[in-house]
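See structure below.
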Amino acid sequence: MINLIPESSSAPPAARKRYNRANIGITVLFLPVMLGTTWLGETGASPVLVAVGVVLTIGLIAALVYEFVRLMLALDELQNRIHVTALAIGFGAVTLTMLALGFIDALLGFPNPGEHWPVLAILMFPTGSFVYYIALHLILRRYR
């Protein structure tokens, strides 16, 4: 069976329960707020309303990070090391990719460089998280 929240699988039961509930709850709020803010921005809604949506979106991401840090603090040393390694691989790969794209853009130039960088910057967090999950799955195979 696929574990949809693998980062909490080895946590103590109380920490796992708290993290899973918080993660699901925040994610359920995050998706409509982010998509709604994007939609409002594209339709030319009030800048104040869009700014509120952006602040809420960033706040929800900060809440996800906070809950993840609380979970990491509840893990034993081996599990913590596994997660830190997976984080380094996931977000390191995304950072390296962005760095390479920046150099390619600076040296060769993209056709319209001003338009693609905000989208790439926004996608760094979800992409890094996705690569983290892949790295975590591969690293955990070593210990099972």
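The values are calculated or read from the model by the stated rules, or taken from the named source; none is laboratory data. Keep in mind that this is a model prediction, so the values were computed, not measured. Glycine gets a Cβ as well: all are built from the backbone with ideal geometry, and neighbour counts include every protein chain shown. Remember, those area values only see protein heavy atoms, side chains included, never the ligands or the DNA or RNA. Shrake-Rupley method; radii C 1.70, N 1.55, O 1.52, S 1.80 Å.
Could you give the angle, 0 to 90 degrees to the nearest 10, between helix 13-43's Cα long axis and the longest principal axis of the Cα atoms of the chain?
Taking Cα atoms only, the helix is inclined about 10 degrees.
Put +1 on the Cβ of each Lys and Arg and -1 on the Cβ of each Asp and Glu in the chain; which of Leu138, Pro13, Ala88 then has its Cα farthest toward the positive end of the dipole?
Pro13
Testing the spin-label approximation: label points 7 Å from Cα along Cα→Cβ at Leu123 and Val55. State their distance in nm.
Placing both labels 7 Å along Cα→Cβ, they lie 3.0 nm apart.
On a 0 to 90 degree scale, rounded to 10, what angle separates helix 77-108 from the longest Cα axis of the chain?
20
Only helical DSSP H runs with n ≥ 4 go in: add -39500 (n - 2.57) per run for the chain, normalise by residue count and round the 222 nm mean residue ellipticity to 500 deg cm²/dmol. Each step should come with its number before you reach the end.
Values: 4 runs with 121 residues, N = 144.
Computed ellipticity for the chain at 222 nm equals -30500 deg cm²/dmol.
Determine how large the accessible area of Leu73 is when every protein chain is in place; take a 1.4 Å probe and give Å² rounded to the nearest 10.
Solvent-accessible area, nearest 10 Å²: 140 Å².
With axes computed from alpha carbons, what is the tilt in degrees of helix 47-74 against the longest principal axis of the chain, rounded to the nearest 10 within 0 to 90?
Once rounded, one gets 20 degrees.
Provide the packing ranking of 128-136, 56-64, i.e. peptides ordered by the mean count of other C-beta atoms within 10 Å per residue, highest first.
128-136, 56-64
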